Structures are given as structure tokens and as C-alpha cells.
Amino acid sequence: MRHARISAALPKFFAAVVTLLLAASAALYAEFNAGFYSEERMGSIRQTLPAVQSSGVTYDAGAFPLFPPSLPAGTGRDEVKAFCNTCHSPRYITMQPFLPPEVWAAEVNKMIKTYGASIPDDSTERIIHYLETNFSTGTRKQ
Amino acid sequence: MNFSHRKVSRRRLLKALGAGAGSLAIARFAAARPWLGQEPASPQHMPDFTGPGANPYWSSVGPFVTEPQKAPLILLTDRPVQLETPRHYFLQAFTPNDAFYVRWHLETLPNSVDLKEWRLRIEGNVEKPLTLSFPELLKQFAPASVSAVNQCSGNSRSRLQPRVAGGQWGNGAMGCALWSGVKLREILEAARVKKGSLQVQFEGLDRGKGPEGYGSNRFMKSLDLSNPVLDEVILAHSMNSEPLPMLNGFPLRVIVPGYFATYWMKSLASIRVLDKEDDNFWMKTAYRIPDTPDGSTTPEEVKAGKVKQIPIARMPVRSFLISPDGSSKIPAGLPVQLRGMAFSGHGGIRSVEVSDNGGSSWRAARLGEGHGPYSFRTWDSPWTPVRPGTHEIAVRATDEEGNTQPEGSVWNPGGYLWNAIERQKIIVGSNA
């Protein structure tokens, strides 16, 4: 009698085992990988509030925002900020690819001769030194 | 975890199940848990700059920023403002105003314009100098429109090898719009150009901090009065049937269909008729290209002082694959649509061809609706990749004059005229 009861329970036992195995294999062969979020700070952009407009004759876009890059500390950085900044922001420097030192010297001389930048000689030397030291092939850091 | 490893695991598990070794299978499941919990890679930032090799990305690498009247665009510089249009906007023939790229030369550019005070002055070598208000411009001259591509001379400068200094544009310093306004010829006729005049010079409201007489103080560009392109020049007060955004030249901008954007003066204020050739910096020194058939030269020839240079003019033919952009892996056997656009400054687009084997063989793409010879021409071509692995899609266009994009690259010291065949790597994955 007891033997018969066990025999009757056996299919149920096997069914339970198979169900468990199927569940296990389903988990193992998951169709996707989910639920991960990164702590990496990728930055975000706030939306600009639309400018308040009047119906008058003035068509106003507002001020253009600045996005100052960080310039590495070093000899000549103050001169770069004082002189180069007159006509353009330092983004003009940080956007460039690695440039060979002689190209930086040529660029600074172009600013003086072609564009008329008024920079004293010793400051010019320090600016060139700064650019060669921080923004040339082999010297530039990400 | 790669595909082949998973396949082996499955085979082993089936074997285990077949043997009825349930406990073994559960042990395997437990062992597999670390894989299930393996974290996917974190997102990474673009680098801050590229080089000394060519910029490997479609766009320049700067951050997205929002400027007045603009969607988030890619920052090149903030003062003066230079912004690049992201790739996906080029799926359509017309670039939205808020996504249109921006390039100014001088630091002091207009934030606002008072239309009661603003005047367009036509002066110089004319019988009857004119001072036109905004309503006079609208009322006294017949309306005219043209769809035309505006592309920066230095678009794609970051591709050049060796790299050259300057705005490190990717491919997005371009856009196409419907420009509406009045014809330059009508205004010149009203002012009665004197005999013996040579050029017409344009200047906008922008000014620089540099000393007088230097390019850092004023930005001016000129075209020859004998140049047939003048018949097509429009002074546009509208862009895609809207006013121009401030950063794209409100309230009036010069449109020179087929020509590089350097002549498309923004926030136009003065038109001067000259009786001698313009020798200001922006004509005599800047925006000049080698006088060779493709505008190309070498650093050695430049150093040797052998290169004769002429002002840049018409845009060579170009074409782009916009989608797919390589950011998504495509399952083998899935039909996708290759989509993009083409344009040329030498008449419209005759054909666009695509290659899915890096240029070994080519087939014609279907061209989209035409919007005139100076517009973006969209194209598409169905593609069903079969082989898993890396595929290289190449696209090349031919214009109505029969010019086809070159295989080889362009180099000149200004970083102008890039129009080599574009290539895009696309990863195709196994699907079973």
C-alpha cells in the first residue's frame, strides 16, 4: 500500500524536477541582460528657458554662453589668458589636435604679424613655451 | 560572453539533462551565475581632442551645448561661436534652423538687432548710393527663393593628414535650407553700378577686437561683378520660411548658391562696389586654395614657397551615409535601408553609388526628390547583410558636370575642400 503511494507520487516528483531544471535553464539561457545602471557621470544639458520677447523693434537672442575649458597650470598660462583671450576664448587652443612645437610657434607669430595681436616679446616666448609644453605631440594629456 | 561559449554551454547542459543528472545541471546553473551578474560596460566620454592621426569620428568631438535659438549642437568654440550639426539631422533634405551649424570669425557678434535702426547700405562705386530699411527691402524688390547648401570651407578639416591648425570640424559644418529674400542684381541695378567697377564687397554687423586694418578687426568678402554666380545671389531675410536665427545672420544674409559659406555674409549691413580688387585679409590671405586641379598640395611644396593660391569658390561634390551610423550592430539577414544625402557646387547630383565591400564593387542608390541643383539630394539603398563580421559601406556621388568623388585625400594648408569618398564600418552579428 505504502509502496503503491510512493509509485503514485513518483511522476509528480519527476515533474517537479523537470520544472526546476527548465526554470534553471531558462535563467541560464536568459534572452537578455537587464537592470544595470552606470555610476559614470556623462553630463547633461539643461534646457534653455525661451527668452522673453516684446513686440517692439528689437530682436534679441540674449547673451551667448561661455564654456571655459580648464587650462593646465604652468608657466605662460597667465599670459595666454591675458593676451590670447582678447580675440578668442581658450577653446581655440583646446580644440586643436596635437600640433608639433614649430606649428604652435608659427600660430602665435601669425596672431602677432597677421592679426595684429600686441604682445610683448617676453610674453610671446612664455605663450609659445606654454603651448609647446602642454599642447604638442607627446606633451598633451587628455 | 561570446556566442560560441554559450553554444558549448547549451550542448553540455542538454547532455546533462539527457542523462537525468538533475543535480549536475543545478550545479552548472550555480556556476553560471557570475556570468548572469556580469556588468555591461559603462558609457565612456568622447576624447577632448583627436590626433595626430585623422579624427576617426563622423563629427567633431566637442561637448553638446545649447546656445540661444539652437538645439543642442556640438561645441567647437564659444567666443566667437562655432557649432557643428550632429549627423542625424542630415537624413532630411532641409536642415532645421535650430540645428543649423554656426561659424563666426570675429568676437563681437550681434546679440540683438533693432530693426528701426538697422539699414542695408549700398555704397562705393555706384551712381546712387542706397540706404534701405527692412520694410523697404521687403516692399521695393521682388521676392526670390533658392534651396541651397551652405558648407564651411573647412568642413571635415579634422580628416587631413598631416593635421592642420584651425577649426577642427567633423562633417557637420554644412546644412541646406530654403533661403528667401531679394535678388542682389536688382539692388545693384537700383544703385546703378558705375562703369569700370570690378567687385562687390559684403560686410556684416560683426566686429573684432584686433587693430584697424587687420583681419582681426573686420570681416569682409568680395565677388567679381563679372562672375555669373552674382545672377543667383539672394539677400535672404528668411531661412526655411522663418526668420534667420541670430547666430545664422539675422536679419539678412548673403546666399551664394554653389559656393562655400565664406561668401555668405551674415547680419549683412554693407554692400560696397569696388573699382579695384579687394585686398583685405579675408580675400588676399585667408580662404585661399592651391591653384591645382583638385586644390591639393603637400607640406613640402608649401614650405618651398611653390604654391600659387587663389580664392576658394565652388564646393566639390560630396556624399554621406547618415544611417545606419555604426552605433548599432545589425543582425545578419535583417534588411536595412542605407540612407544619406549628396550635393555639389557644380550643378545637381547625377548619381549616388554605394558599396558594401569597401569600394570593390558599386551599385546605384535611389535618389530622393530633387529640390534644385544646389540642395542636398537624399538617397537610399536597401541592404541585407548576410555574413557576420565587419562590413565597410562606402558612398560616392557624381554631379551633373561629371565630377566623381576621389578615392584619395585632399591636403592644403587651410584644411579646405575635403571631399574624399566617405566610409563607414558596420558590425553585422550572427543571428542564431
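Here, each number is a calculation from the coordinates, and none is a lab measurement. What you are looking at is a predicted structure, and each value in this text was computed from that prediction instead of being measured. Here Cβ is always computed from backbone atoms with ideal geometry, including for glycine, and neighbour counts include all displayed protein chains.
Which of the GluC sites (Glu not before Pro) found in segment B:271-360 are loop residues per DSSP with 12 or fewer other Cβ atoms within 10 Å of their Cβ? Walk me through the intermediate numbers first.
Working: sites: B:E277, B:E300, B:E301, B:E353; in loops: B:E277.
Counting only loop positions with at most 12 other Cβ atoms within 10 Å, the GluC sites (Glu not before Pro) in segment B:271-360 are B:E277.
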Dipole-positive endmost among B:A190, B:G389, B:M239 within the protein assembly as shown (Cβ charges, Cα centre): B:G389
Shape call for segment B:68-286 from the C-alpha gyration tensor, a ≥ b ≥ c root eigenvalues: rounded (a/c under 1.5), prolate (a/b greater than b/c) or oblate? prolate
Starting from the Cα of A:A63, step 7 Å along the direction of its Cβ; do the same at A:S123; then give the gap between the two resulting points in nm. 2.4 nm
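From the helices alone, meaning DSSP H stretches of at least four residues, give me the mean residue ellipticity at 222 nm for chain B, per-run term -39500 (n - 2.57), in deg cm²/dmol to the nearest 500. If you can, show how the numbers build up before the last one.
On the way: 6 runs with 55 residues, N = 432.
After summing the helix terms and dividing by the residues of chain B, the value is -3500 deg cm²/dmol.
Is the C-alpha gyration tensor of segment B:181-300 telling us rounded, prolate or oblate? Criteria: a/c under 1.5 is rounded; beyond that, a/b larger than b/c is prolate, otherwise oblate. It would help to have the intermediate numbers written out before the result.
On the way: a/c = 1.38, a/b = 1.24, b/c = 1.11.
Since a/c stays below 1.5, the shape of segment B:181-300 is classed as rounded.
Note down the relative contact order for chain B as a percent, whole number, built from C-alpha pairs under 8 angstrom at least six residues apart.
Details: 997 pairs, mean separation 62.9, N = 432.
That works out to 15 percent.
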Under-5 Å amide H pairs with B:A365, H placed in peptide plane, nonlocal only: B:V352, B:E353, B:V354
Debye, to nearest 20: dipole size of the protein assembly as shown, +1 on Lys, Arg Cβ, -1 on Asp, Glu Cβ: 2600 debye
Through the Karplus equation 6.51 cos²θ - 1.76 cosθ + 1.60, θ set to phi - 60°, convert the phi angles of segment B:50-59 into ³J(HN,Hα) values in whole Hz; use x for Gly and Pro. 10, x, x, x, 5, 4, x, 9, 5, 9
For segment B:318-429, build the charge dipole from Cβ charges (+1 Lys, Arg; -1 Asp, Glu) around the Cα centre, then report which of B:G402, B:W362, B:A342 sits farthest towards its positive end. B:W362
B:E136 to A:T114: FRET efficiency via 1/(1 + (r/R0)^6), r the Cβ-Cβ distance, R0 45 Å, to the nearest 0.05? 0.70
So who's got an amide H within less than 5 Å of the one on B:L338, skipping anything under 5 residues away but keeping other chains? H placed 1.01 Å off N, in plane. B:S381, B:W383
Which ³J(HN,Hα) values in Hz, rounded to whole numbers, follow from the phi angles of segment B:88-105 under the Karplus curve 6.51 cos²θ - 1.76 cosθ + 1.60, where θ = phi - 60° and Gly and Pro get x? 5, 5, 8, 6, 10, 5, 10, 8, x, 4, 6, 9, 5, 4, 9, 8, 10, 9
To the nearest 20 debye, what is the magnitude of the charge dipole of segment B:318-429 about its Cα centre, counting +1 on the Cβ of each Lys and Arg and -1 on the Cβ of each Asp and Glu? 300 debye
Hey, if you put +1 on the Cβ of every Lys and Arg and -1 on every Asp and Glu Cβ in the protein assembly as shown, which of B:G170, B:S222, B:F141 ends up farthest toward the positive end of that dipole? B:G170
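Based solely on its DSSP helices, what 222 nm [θ] is calculated for chain A when runs of n ≥ 4 H residues each add -39,500 (n - 2.57) and the sum is averaged over all residues, nearest 500 deg cm²/dmol?
Details: 5 runs with 66 residues, N = 142.
Roughly -15000 deg cm²/dmol at 222 nm, from the helical runs in chain A.
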Counting only residues 5 or more places away or on other chains, whose amide H sits under 5 Å from the amide H of B:N240 once H atoms are built in the peptide plane? B:L178, B:W179, B:S180
Label-point separation in nm, B:I427 to B:E123, each point 7 Å along Cα→Cβ: 6.1 nm
Between B:S323, B:S226, B:S355, find the one with the highest GNM mean-square fluctuation for chain B; connect C-alpha pairs within less than 10 Å. B:S226
So what does the Cα-only Debye profile of chain A read at q = 0.13 Å⁻¹, as log10 I(q)/I(0), no solvent term? -0.81
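Highest mean first, what order results for B:383-389, B:48-54 on Cβ atoms within 10 Å? Numbers along the way, then the final one.
On the way: B:383-389: 13.9, B:48-54: 16.0.
Sorting B:383-389, B:48-54 by mean packing, highest first, produces B:48-54, B:383-389.
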HN-Hα J in Hz across segment A:103-108 - Karplus 6.51, -1.76, 1.60, θ = phi - 60°, x for Gly and Pro: 6, 5, 4, 5, 5, 5
So if I restrict to the alpha-carbon atoms in the protein assembly as shown, what is the Rg, and what is Dmax, the biggest pairwise distance, in Å? 30.1, 125
May I ask for the percentage of alpha-carbon pairs in segment B:318-429 that lie more than 23 Å from each other? 30 percent
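Let's see if you can work this out: charge +1 on each Lys and Arg Cβ, -1 on each Asp and Glu Cβ, no other charges. What is the dipole magnitude of chain B about its Cα centre, in debye to the nearest 20? Mind dumping the intermediate values first?
Values: 50 positive and 40 negative charges, 363 e Å.
Its charge dipole is roughly 1740 debye.
Please label the shape of segment A:77-135 as rounded, prolate or oblate, based on the square roots a ≥ b ≥ c of the eigenvalues of the alpha-carbon gyration tensor (a/c under 1.5 means rounded; beyond that, a/b larger than b/c means prolate, else oblate). Don't skip to the answer; put the middle values down first.
Details: a/c = 1.34, a/b = 1.24, b/c = 1.09.
Verdict is rounded for segment A:77-135.
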Segment B:68-286: antiparallel bridges as % of DSSP beta bridges, rounded to 5, reads 90 percent
For chain B, what's the radius of gyration and Dmax over Cα atoms, in angstrom? 26.5, 103
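Considering Cα pairs under 8 angstrom that are at least six residues apart, work out the relative contact order of chain A and quote it in whole percent. Could you put the intermediate results ahead of the total?
Numbers: 66 pairs, mean separation 29.9, N = 142.
In percent, rounded to a whole number, it is 21.
Roughly speaking, what is the stretch gain from B:A304 to B:E392, that is 0.36 nm per residue apart minus the C-alpha to C-alpha distance, in nm to one decimal?
Working: separation 88, 0.36 × 88 = 31.68 nm, distance 3.83 nm.
Gain on extension, B:A304 to B:E392, equals 27.8 nm.
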Distance cut-off 31 Å, Cα to Cα: go down the list A:K110/B:K306; B:K284/B:K425; A:K110/B:K116; B:K276/B:K308; A:K113/B:K308; B:K139/B:K209 and report the pairs above it. B:K284/B:K425; A:K110/B:K116; B:K139/B:K209
By how many degrees, between 0 and 90 and to the nearest 10, does the Cα long axis of helix B:3-18 differ from the longest principal axis of chain B? 20 degrees
